[in-house]
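What follows is a set of notes on a single structure, which appears directly below.
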Amino acid sequence: MNDKKEKIVKVGVIVALLMAAMASVSVMPIQAANGQIMNKPVYGTFTVSQEFGVYNPTYGWHTGIDIVPKYYYWVFAPLDGKIEATGYDWRAGDYIVISHIPGDSNQYRGYYPSEVWTKYYHLDGIFVEQGERVTRGQVIGHIGDTGTWCTGTHLHFEIRENGRYGTAVNPREYIRFGDGKDIW
């Protein structure tokens, strides 16, 4: 083969490899900052009724994503973790807070630097207790419409980096929700 044909073949191989890599990215789970892969907190078909970061003059900045399920109302733990809090808040309604701490972190100022916390609001059923360990995929609650800031039956799902009061981040950075018609 002459040099020109070899270069064309090499470029073709590289393009094919890049296209294959790009195609696989769209179906691969997204990794959390601490290297863990996070599942969706819901199962089945759903819509996203409110995106992260939207400003509302009554409620302020939206710090999570609101998920409205079509059929299944169970809430699942997206990663292994520890239940840090459960309870009722007049705005959030019945809620669950889970910490997801990577195994070898060193605690710094009360939190782990690569710690990710997930929050679940407006539940009408809580199936876990504070201090309990949960595993990825375990049912932890049931979607409801509790709390005065609830605008209908949905799950407010929130992710915080660097502890409970850390920075709220867009859940789409951790989980591929697609167009809201995903089937998990």
Which of the following residues is among the hydrophobic types (A, V, I, L, M, F, W, C), at pLDDT 90 or above, in contact with a Leu (Cβ under 7 Å, 6 or more places away or on another chain) and in a strand (DSSP E or B): V68, V97, V75? V75
Could you list, in sequence order, the residues of region 77-99 that are of a type outside the set (D, E) and surrounded by fewer than 19 Cβ atoms within 10 Å (Cβ to Cβ)? K82, A85, G87, Y88, W90, R91
Among residues of region 51-74, those that are of a type outside the set (D, E, K, R) and over 20 Å from W117 (Cβ atoms), counted: 12
Filtering region 114-149 down to residues that are surrounded by 22 or more Cβ atoms within 10 Å (Cβ to Cβ) and outside any loop (DSSP other than H, G, I, E, B) yields V116, W117, T118, Y120, Y121, H122, L123, I140, G141, I143
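The values are calculated or read from the model by the stated rules, or taken from the named source; none is laboratory data. Nothing here was measured: the structure is a model prediction, and the numbers come from that model. Cβ sites come from the backbone with ideal geometry, for glycine too, and all protein chains shown count toward neighbours.
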